[in-house]
Amino acid sequence: MIWESFGAAVLGLALSWAAIRSLADRLPSGRAVYLTGSLGALFGAYLTHAALGPGHVLATLIGAVSVGAVTLSLLIRPPGRRLGRSAAAAQ
């Protein structure tokens with residue numbers, strides 16, 4: 001389980017790096033992206049390991065990458081749209 005966790009964290013960081021390289025203008029700060037990618041991958045590894053049990057290393061890492069990618073996709077903003085003050089904050 002230790003190596004699965006380490007592999008999931010490395011894959012989450014690699015996935016975050018790839019997301020920053022290709023979608024830098026549509027993502028928040030790099031720190032948030034790296035944290036979200038690695039924690040999403042660790043949660044995916046935990047979830048997959050709990051569902052399948054020990055001995056399924058490749059499937060656990062695939063689950064880690066899948067959940068990490070889904071978590072990172074939640075950070076993507078629409079193109080050309082900047083976050084501004086809400087109407088409630090402007091009053």
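The values are calculated or read from the model by the stated rules, or taken from the named source; none is laboratory data. Quantities reported herein were computed from a predicted structural model and do not represent experimental measurements. Ideal geometry is used to build each Cβ from the backbone, glycine not excepted, and the neighbour counts take in all protein chains shown. Heavy atoms of the whole protein, side chains included, go into the accessibility calculation; ligands, DNA and RNA do not. Shrake-Rupley method; radii C 1.70, N 1.55, O 1.52, S 1.80 Å.
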Query - Read-out semi-axes √(5λ) of the Cα gyration tensor in Å, derived from the coordinates shown; its label in [x] 21, 13, 12; [y] 18, 15, 12; [z] 31, 13, 10 - result: [z]
Query raised in the report: So, with a 1.4 angstrom probe, what is the percent of accessible area on the chain that is carbon and sulfur?
Result: 69 percent
Query raised in the report: Quick one: accessible area per residue over the chain, 1.4 Å probe, rounded to a whole number of Å²?
Result: 67 Å²
Report summary line: Total charge of the residues flanking Ala24 in space, meaning their Cβ is under 14 Å from its Cβ, with Lys and Arg +1 and Asp and Glu -1, is +3
Requested in this report: Please work out how much length the chain gains when fully extended from Leu39 to Asp25, using 0.36 nm per residue of separation minus the C-alpha to C-alpha distance, in nm with one decimal.
Outcome: 2.8 nm
Query raised in the report: Residue separation times 0.36 nm, minus the C-alpha to C-alpha distance between Ala59 and Val10: what's the value?
Result: 16.1 nm
